[in-house]
Every structure is written in structure tokens, then in C-alpha cells.
Amino acid sequence: MPYTVKKNWKTGPHCRNMSKEERFAFLTEWYDSTAALQRRYQLMYYPKDGSVEMFDVKNQRTFLRRTVYDDIQQDDLFLGNRVTVFSRQLHLIEYADQYTANKLGIKKERTLAILKPDVVTKIGDFLELIYSSNLIVTKAKMSCLTCNQAADFYAEHQSKPFFNNLVQYVSSGPLVAMELMGTDAVSAWRRLLGPTDSPTRRESPQNVRSQMGAEGIKNVGHGSDSLAAAARELEFFFPSTVGLGPGNTARCTDCTCCIIKPHAMSEGLAGKILNSISKAGFEITALQMFHVERANAEEFLEVYKGVVTEYSCMVSELCSGPCMVLEIHGNDVPKRFREFCGPADPEIARHLYPTTLRALYGKTKVRNAVHCTDLPEDGVLEVHRFLLWGRLGLYLKVHLKKSPTDSGFYSGRTKLHITLVYKTSGQQQAERSCKGVQQQQQQQQQQQQQRSH
């Protein structure tokens, strides 16, 4: 059933800016897990004092009066993003008025950026370049294309003499696809890359292709040449239908999980963190950005519940914005990488282990830059949780429970409880637990036996 509104929420009194004060308005959705409903709110943001206001679209009434809320910044307001307002994770789906669309729409142009197989190991350098150019990365995924997928993506070059070589090269190894957003993003990314032909590149030696000596089809990367092409190419790598499009490159063997936390992503530290990981000799074999819903964050971090006082804040941080999930591959990598991340408290890390990730990029015990797997046997499970099942459109809910006789985090054997979650067009979520189904069947059998007696 399509969602209907009794009144026009775009023209109601709550949409009129009665003063000259600037205000931006968005239509948002919040999934109410208790009622299994998608609830819609209009979110108003006032940049003058950073205050927010919420209006309940269905019931046509104020849901949250204007309140100063420092956790949302103007840069966070773009379509497709998720912002958290007092524990409610709101998905921004539409501009609520023409002023907001005109004012912010031009600053939120999107384009597809691809790092080709030869330069995937330098992704940290490219992210630093992107952030320094006033562009932001809103989606990212390391993928391996098949020859058919590469041919479909470059179908417009099918008549060109270099087409077959291009298809073979692009499908020869992993690449990184990213959605970049910013003012004039299409032109900005293409300027950073530089011209594709060698003579023109020599005339402007400051671009990436000139500096890396790229030639022919091995020209570092790809950038959409128009807004229409960007929309088409973004749909290819990041389709709106869950489960379609190229998957990620997770191996799920001899690995550990690293999550670059939302605060580090918003501060533009992802490039520096990736460079530090690579320079330390670790191999990044998979990468993907996610928006973690609060319920999933609570389950993923459940092992800390009742153990550390920061549990609630840790959950709020993990679902406060996009995070970047990495698969780190190697021998004995969970232990080695955990030591490289350092103590959970950055202050302690700076005194005892000043070269660790948390010492370099962390701020507090909650905003400590990265999450890493604690126990060797949990590495594959945590990678599965995000990367393997995420590519299938399913969620593997990992319940990590601490035994009463154990001490320390993850010190007992991991107990795994699998629940498949199926999403239908973003409107409803239906969860089916295998254990729950068996219990229901047993109850039905018992009732039938009682009736027969």
C-alpha cells in the first residue's frame, strides 16, 4: 500500500518560515521496530543556532519542538544520508520545500569515481586527495567485476578498438567504486584525474594521471562525464534494489574486521587511517561503507553490555553516520591487528603505544577511531556480519555473549545465533528465527493433539 498523507505536508503551516531566519526542511523516514512501521517526519534544521524541529506527517502535529542539537551539522543534510536525533535514526528521503532544494541541491551533486586495479592499494592517498578537494565520499565498495559486468559498464565504448583490452584490464583484479558528493562534483573529480590522452596531460602536470604516469587504458581511474551518466553508473555499482549489483571482495578466511567509526569518517580521517594500515604491512582485501541501524549496532556490540559503562554511547556512535568496514587479511592477523589498534582509551594509548591507530586518531574511549575484532575466532564472524551477508541483502546477526566464568572481552567461546532479515522495499521488515519457527510448529502440533483427544 502506498503511503498517503491526509494533508499536504509541503504546504501546511509547519512548512512556512514565518521569520526571515534561514531554515532547511527534509522529509524523513524512521523505522519503528516495535510496531514494524515506517514513520514519516519532517525535519527542520536552523543553521543559525544548530537547532532542529520535527513534525509528525501522519498525525499532522509537532513531534519535537525546536531544540538546539549539536550532533547534526549542515554538511550532514543531504538526500540518502541518515542522521540521529535523540536515538531516532532518520533517513533523509526528500526535500520538504523548494528553498531547501534550491539552496542545498546544487551543493550536493553526485558522481561515480572508480579506482582501477593498478591503484587500489593507494586508496588512502586518493581519499585524502578527495577530502582536501571539498568532496565527500558517501558510498564506497571494493569489487571485482566479471568480464560481462565490465562489458556492460563500458558498453558505450563497444565500437572502440581498445574495448576488449579495457574489459580485460578492469576485470583483472579488485577496483574501488565510490559515490562522491559536493559542489560541481562531476567536473571536480574529472579535474583531479586529468585528461585521458597523454599529450593533453603533459600540458597540465598537476593532475593524478600525470603524476602517476598513466598511459592508455591503465589511466588510474574513471569519472562520470555528466550528471545523467553519473546517475546511470551509480545505479550500476550501488543499485537501489538490495542484493543487486557487483558484490564486494570479502574472502572470509584468515581475516579480521576493522570498522572506521562515523566520527573518523566525518572528520576526513579515513584516508590517513587506511594509509597507516597499509604502511604497517596489513593487506586490505575488502572494503565497504555502511549505515548501521541502531538495533543492529546494539546486537553487534552486545558483548560490551553490562561490562563497560560506555556501551550506550558506543551504540550511538556506531549508528551516528556512515562507517567503513574493512577485511584485513593475513596470518595471525586478529592478534597482530588488535595490537596495532592499541588500547580502547586513546589517552592510555598515547602514553604507552604512541604509534597505534587509536593513539594517532582517537579522541575518547567512544570516539577512538576504529573498532577491531578482539578474539581470533571472531574475525570471520564479524566480517560475515557486514560484508558477506550484506552483499546478499541479508543480515547475519551475531550474538556475542560472555560466559559468567570468563574474564575480559570476548574471552569465552562465541555463541552464534543466526536470523535472516528480509526487507521489502524499505517499508517493512519481517524477521524469522529458525528457533522461533520450530517452537511455533511444536505448539501447533500440541494443539492438534489436544483437539484430537
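Here are a few things to note about the model shown:
- Unit Cα scatterers, Debye sum, the stretch 115-258: log10 I(q)/I(0) for q = 0.18 Å⁻¹: -1.21
- Normalised contact order of the stretch 111-254, rounded percent, pairs of Cα under 8 Å and 6 or more residues apart: 36
- Compactness of the stretch 16-120 - radius of gyration and Dmax, Cα, Å: 15.8, 56
- Quotient of Cα Rg and 2.2 N^0.38 Å for the stretch 65-200, N being how many residues it contains: 1.31
- For the stretch 71-80, backbone phi angles converted through the Karplus equation (6.51, -1.76, 1.60; θ = phi - 60°) give residue-by-residue couplings of 7, 10, 10, 4, 5, 7, 9, 8, 4, x Hz, Gly and Pro being listed as x.
- Using the Cβ of Phe163 as centre and a radius below 13 Å, the other residues enclosed give a net charge of -1, where K and R count +1 and D and E count -1.
- Shape category assigned to the stretch 43-91 from the gyration tensor of Cα positions, a/c cut at 1.5: oblate
Every number here is computed from the coordinates shown, using simple stated rules; none is lab data. Worth saying up front: this structure is predicted, and the values here are computed from it rather than measured. As a convention, Cβ positions derive from the backbone with ideal geometry for all residues, glycine included, and neighbour counts pool all protein chains shown.
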